[in-house]
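These notes are about the structure you will find just below.
FYI, it's all coordinate maths here, none of it is from the lab. Keep in mind it's a predicted model, so treat the numbers as computed, not measured.
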Amino acid sequence: MIVLQVYAPTFPGYGRSEKQSLAYSQELWRDFLRDFVLEVVQRPVVVAGNSIGGFISASLAADYPSLVEGGSLHASQINSELATMDQTWLTCQ
């Protein structure tokens with residue numbers, strides 16, 4: 001039997017999270033997700049994201065490939081900087 005764990009963190013400024021006076025950015029959300037993986041999950045993950053969540057998931061995979069084993073992006077857009085990078089992180093095994 002395969003056992004999977006599913007985590008669904010809420011990005012700062014979204015959902016019911018506190019709306020702090022921060023400069024919300026791709027880097028802030030990517031680093032939040034990186035820290036979540038490192039501190040909570042503590043092993044490489046398969047990320048899935050919708051809309052901006054997919055973009056941030058792709059950013060995590062591009063910037064920290066050792067943390068991401070695969071991904072699923074839904075209704076997401078990848079900016080030109082990510083699109084021109086080595087895209088080995090797009091290949092799931």
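For segment 5-47, count the residues as N, evaluate 2.2 N^0.38 Å, and divide the Cα radius of gyration by that value, please.
Working: Rg = 11.1 Å, N = 43, 2.2 N^0.38 = 9.2 Å.
It is 1.21.
On the first, second and third principal axes, largest extent first, how far apart are the outermost C-alpha atoms of segment 26-78 in Å?
28, 21, 16
Per residue of segment 25-30, what does 6.51 cos²θ - 1.76 cosθ + 1.60 with θ = phi - 60° give for ³J(HN,Hα)? Whole Hz please, x for Gly and Pro, Karplus curve as stated.
Couplings: 7, 4, 5, 4, 5, 4 Hz.
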